[in-house]
Amino acid sequence: MHHFNYKEDDLYCEEVNVSKIAEEVGTPFFLYSHATLTRHFEAFDKAFAEVPHLVCYSVKANSNLAVLRLFSGLGGGADIVSGGELFRAIKAGIDPDKIVYSGVGKKEEEMEYALKENILMFNVESHQELDALNTVAGRMGKKARISLRVNPDVDPKTHPYISTGLKQNKFGIPISDALSEYRYANSLENIEVVGVDCHIGSQLTQTQPFVDALKKVKALVLQLRDEGINIKYLDLGGGLGITYDEEEPPHPTDYGKAIIAETKDLGVILVFEPGRVIVGNAGVLVSKVTYTKEGEEKNFIIGDAGMNDLARPSLYGSYQGIMAVKKSDEALIVADVVGPICESGDFLAKDREVQPFKPGDLFAVASSGAYGFTMSSNYNSRRRAAEVMVKGDSFEVIREREEYSDLVKGEKIPSFL
């Protein structure tokens, strides 16, 4: 459920006409619904209300400070994958005791930063990382709380680029090696083993892969306890999908029932790292049509937003809906909706039935709340888009559009030129 709806022919975000925002802010811009963000977070959180749990929102999905502050106010924590995301989470007011640090390439300086902030735990992904963390913690006179990310070799049945739990993926420690690696971790002077972590991929539309992975991880938890290694946290990652087109992912309530049924006797605190499922359909990318072209074989709608603003269609070949900000009664046409980037791979939609837009018309790219701005770039020296949040009948810019001067910030021409 989201709060982007038509009133007669005009697209609204909650109680605000999207055209009005475009007039004041300019295009392109990302637009987020406060009510949708809240509803989605609470729906996920309430799915586990009957058991001890912690929802650590996946910052990489949408890292705007306003979004992080909203989830912090709802009791959420953060799943981070870099020192920069840790900085954002702390700045937004998220309790460090609700922060977990994931990712395969943590640098020692990032480990040191996280230890200084006293985060909840590190999700460690390799033997070498474990040694490095032990060294850094020892140097600081601290103990690092850890879980090991276990790779269960379960097919999540999703896009290969966002699958993370198979043998060929770079993430985690093979489950066949997990017991010996835990024994090693438990022997280290500056490491405190507190959990087990498992994350199999993103945009999952079935519950069964989660359950299959959980069965393997559950057996490991019991083995570890038999050896005297107490596991307090079971981090099951994120990955629950959303509807972009015709997908029918499970509702968080159904997901919750399946997970609770499998873990009810384990006596652990469940940790989740949802991202896309909370923010994906809570945001759109609004663009203005610059030109239209009738080619020999195709029609083209050229907007002022492109692959540098929203990378997913070009990167993954993903489907994202195209909505007219003002509907017309004209017959639909088939067209490619493209951007201004000098790449043939610059598109937002291909061979799509759309309204016959004209220069100056506005359209919104649906499901852009996740991996929209966070994956955007300055390619072609384009300024990154503004971000706007609506609450009820009002809106505020939560990130200003970049200026041209921002494009060269930090650059310098050397003295020998």
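Brief remarks follow.
- Selection count, the stretch 253-293, where residues are farther than 30 Å from ALA349 by Cα and part of a loop (DSSP other than H, G, I, E, B): 5
- The stretch 26-39 residues that are assigned to a helix (DSSP H, G or I), paired with ones that are of a type in the set (Asp, Glu) (beta carbon under 8 Å, 6 or more apart): HIS34/GLU14; ALA35/GLU14
- Number of residues in the stretch 381-398 that are surrounded by 15 or more Cβ atoms within 10 Å (Cβ to Cβ) and assigned to a strand (DSSP E or B) equals 9.
- When the stretch 101-152 is filtered for residues that are free of Cβ contacts under 8 Å to residues at least 40 places away in the same chain, assigned to a loop (DSSP other than H, G, I, E, B) and closer than 30 Å to PRO209 by Cα, the ones remaining, listed by number, are GLY103, GLY105, LYS106, ILE119.
- Candidates in the stretch 1-26 are the residues that are among the β-branched types (Val, Ile, Thr) and surrounded by fewer than 22 Cβ atoms within 10 Å (Cβ to Cβ); of these, the one that is nearest to GLY241 (Cα to Cα) is VAL16.
- Meeting the requirement of 3 or more residues that are more than 13 Å from ILE302 (Cα to Cα), the strands (runs of 3 or more DSSP E) wholly within the stretch 330-380 are 347-354.
- Residue within the stretch 221-236 that is surrounded by fewer than 23 Cβ atoms within 10 Å (Cβ to Cβ), touching a strand residue (DSSP E or B) at 6+ places or on another chain (Cβ under 8 Å), assigned to a helix (DSSP H, G or I) and β-branched (Val, Ile, Thr) present: yes
- The residue that is surrounded by the fewest Cβ atoms within 10 Å (Cβ to Cβ), among those in the stretch 244-257 that are in contact with a Ser or Thr (Cβ under 8 Å, 6 or more places away or on another chain) and farther than 24 Å from LYS98 by Cβ, is GLU248.
Yes/no matrix, rows are residues, columns are (1) in contact with a Phe, Trp or Tyr (Cβ under 8 Å, 6 or more places away or on another chain); (2) touching a residue at least 60 places away in the same chain (Cβ under 8 Å); (3) among the aromatic types (Phe, Trp, Tyr):
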site	(1), (2), (3)
VAL338	yes, no, no
GLU353	no, no, no
PHE357	yes, yes, yes
THR374	no, yes, no
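- Any hit, the stretch 171-192, residues being at pLDDT below 95, surrounded by 17 or more Cβ atoms within 10 Å (Cβ to Cβ) and not hydrophobic (A, V, I, L, M, F, W, C): yes
- In the stretch 307-327, residue surrounded by the fewest Cβ atoms within 10 Å (Cβ to Cβ) [restricted to those that are modelled with pLDDT of 95 or more and farther than 13 Å from ALA366 by Cα]: LYS327
- Being modelled with pLDDT of 95 or more, assigned to a loop (DSSP other than H, G, I, E, B) and among the small types (Gly, Ala, Ser) is a description that does not apply to SER405.
- Among the residues of the stretch 285-299, those that are surrounded by 15 or more Cβ atoms within 10 Å (Cβ to Cβ) and not hydroxyl-bearing (Ser, Thr, Tyr) comprise LEU285, VAL286, LYS288, VAL289, ASN299.
- Residue list for the stretch 90-108, restricted to those being closer than 15 Å to ARG145 by Cα and within 18 Å of the chain's Cα centre (by Cα): LYS98, ILE99, VAL100, TYR101, SER102
- Among the conditions (1) surrounded by fewer than 20 Cβ atoms within 10 Å (Cβ to Cβ); (2) under 30 Å from GLY339 (Cβ atoms); (3) touching an Asp or Glu at 6+ places or on another chain (Cβ under 9 Å); (4) not hydrophobic (A, V, I, L, M, F, W, C), THR36 misses just one, which is (1).
- Qualifying residue in the stretch 201-219 (condition: buried (at least 18 other Cβ atoms within 10 Å of the Cβ), under 20 Å from the mean Cα position of the chain (by Cα) and aromatic (Phe, Trp, Tyr)): yes
- Extreme residue, surrounded by the most Cβ atoms within 10 Å (Cβ to Cβ), among residues of the stretch 45-65 that are assigned to a helix (DSSP H, G or I) and within 15 Å of the chain's Cα centre (by Cα): VAL59
The values are calculated or read from the model by the stated rules, or taken from the named source; none is laboratory data. Please read all numbers here as calculations on a predicted model, not as lab measurements. Cβ sites come from the backbone with ideal geometry, for glycine too, and all protein chains shown count toward neighbours.
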